[in-house]
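Report on one structure; see the data block that follows.
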Amino acid sequence: MKHMKPLKTMVGVFALTTLMIFTACDKKGQVIDQVLGFTPDYDVKLGQQVAAEIESDTVEYPILPPADFVDAYNYLNAMKDAILASDNIEYRDIFAYELKIIQRDDVLNAFATPGGYIYVYTGLIKYLDSADDLAGVLGHEIAHAERRHSIEQMKKSLSIQFLISVALGEGTAADLATVAGNLLALKFSREDESESDAYSVTYLGDTQYACNGAASFFEKLEAQNQGGSIPAFLSTHPSPDTRVADINAKAVADACDTLRVVETGFTYLDFKNSLP
């Protein structure tokens, strides 16, 4: 009697064979993703691994404990939840959409892992002027997760065979660290950035926040002549002025509300002042 190959190995061989069959006929890659296991559930599993990697590095990512900054987290989570309530959010019941604040005043940044683990730096929060501005950034990052941009970029930078092994649970600790490092270093394409800008407008159109809130960040950078040092989360391409124009054009096309939100009670200023 012949020995049977381990199931995971057989699945891997089948996946690779199916990849060759479907590459020519499935332009969007949906069938391939199903076969290889790159479904939204894979985003969640990978996001958990990346989140664990991030939170284990307290020097590079000093995360503010939610229990010690209740008001700040309540404010930020309320903003996140308002965006996630948009009818255009597809994976709200699948992705984690957990949010953490990183205490780095020297960093103007925010990012989201696959599966919706979102990180915002205190430097960005303190740099922005209003709730609408930050809501625009959160909408942009949620769009990266929803549109699964990290997974698509990762498939271009790492081998399919390597990613299959990780998807099948065969990856070593070193493999997981490689994937996590790769994701944290990703730079999105011009198309990804433009798409996330547009979806930010769409998401915020279903909230109380100005739907073109993401444009304010670029406007402030331009006003302060910092257009050449735009942080990774909003990239340097397209140019800031082009992105402002595109975001505002999308807001006009959607006929969504661009009025700034009027806050009562705990305001954006209170939020900033509650941070160390």
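One table, with the values for the structure above:
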item: Some residue of the range 97-109 being touching a His at 6+ places or on another chain (Cβ under 8 Å), within 26 Å of Gly205 (Cβ to Cβ) and modelled with pLDDT of 90 or more; result: no
item: Those residues of the range 53-70 which are assigned to a helix (DSSP H, G or I) and either touching a His at 6+ places or on another chain (Cβ under 8 Å) or without any contact (Cβ under 8 Å) to a residue 60 or more places away in the chain (or both), in sequence order; result: Glu55, Ser56, Pro66, Ala67, Asp68, Val70
item: Unique residue being aromatic (Phe, Trp, Tyr), in the same structural domain as Val262 (by TED's automatic domain parsing) and in a helix (DSSP H, G or I) when the list is Tyr119, Tyr73; result: Tyr73
item: Boolean, Ser200 is assigned to a helix (DSSP H, G or I), assigned by TED's automatic domain parsing to the domain that holds Asp81, in contact with a strand residue (DSSP E or B) (Cβ under 9 Å, 6 or more places away or on another chain) and modelled with pLDDT of 75 or more; result: no
item: Test set (1) at pLDDT 95 or above; (2) outside any loop (DSSP other than H, G, I, E, B); (3) of a type outside the set (Val, Ile, Thr) - Glu263 fails condition number; result: (2)
item: Answer residue from the range 29-80, given it is closer than 29 Å to Val107 by Cα, at pLDDT below 95 and of a type in the set (Gly, Ala, Ser) and is surrounded by the most Cβ atoms within 10 Å (Cβ to Cβ) among those; result: Gly47
item: Residue that is surrounded by 16 or more Cβ atoms within 10 Å (Cβ to Cβ), in a helix (DSSP H, G or I) and over 19 Å from the mean Cα position of the chain (by Cα), where the choices are Leu163, Leu134; result: Leu163
item: Out of His144, His149, sole residue that is at pLDDT 95 or above, assigned by TED's automatic domain parsing to the domain that holds Gly123, surrounded by 19 or more Cβ atoms within 10 Å (Cβ to Cβ) and out of contact with any Gly (no Cβ under 8 Å at 6 or more places or on another chain); result: His144
item: Positions within the range 203-220 being surrounded by 22 or more Cβ atoms within 10 Å (Cβ to Cβ) and either free of Cβ contacts under 8 Å to residues at least 60 places away in the same chain or not assigned by TED's automatic domain parsing to the domain that holds Ala251 (or both), in sequence order; result: Cys211, Phe218
item: Verdict on Asp93 being in contact (Cβ under 8 Å) with a residue 40 or more places away in the chain, charged (D, E, K, R) and outside any helix (DSSP H, G or I); result: no
item: Cross-chain or 6+ apart pairs with Cβ under 6 Å, the range 258-274 first and on the phi < 0 side of the Ramachandran plot and assigned by TED's automatic domain parsing to the domain that holds Asp105, then surrounded by 15 or more Cβ atoms within 10 Å (Cβ to Cβ) and of a type in the set (Lys, Arg); result: none
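Yes or no, residue by residue, for (1) assigned to a helix (DSSP H, G or I); (2) in contact with a Leu (Cβ under 7 Å, 6 or more places away or on another chain); (3) assigned by TED's automatic domain parsing to the domain that holds Val262; (4) under 19 Å from Ala51 (Cα atoms):
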residue	(1), (2), (3), (4)
Asp105	no, no, yes, no
Leu124	yes, yes, yes, no
Gly139	yes, yes, yes, no
Lys156	yes, no, yes, no
Thr178	yes, no, yes, yes
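Conditions tested, residue by residue: (1) surrounded by fewer than 21 Cβ atoms within 10 Å (Cβ to Cβ); (2) more than 20 Å from Pro66 (Cβ to Cβ); (3) among the polar types (S, T, N, Q).
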residue: Asp87; (1), (2), (3): yes, yes, no
residue: Glu90; (1), (2), (3): yes, yes, no
residue: Asp105; (1), (2), (3): yes, no, no
residue: Gly115; (1), (2), (3): no, no, no
residue: Tyr119; (1), (2), (3): no, no, no
residue: Gln153; (1), (2), (3): yes, yes, yes
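The values are calculated or read from the model by the stated rules, or taken from the named source; none is laboratory data. Treat the numbers as computed from the prediction; the structure is a model and nothing was measured. Counting neighbours? That spans all protein chains shown, and the Cβs are built from the backbone with ideal geometry, glycine included.
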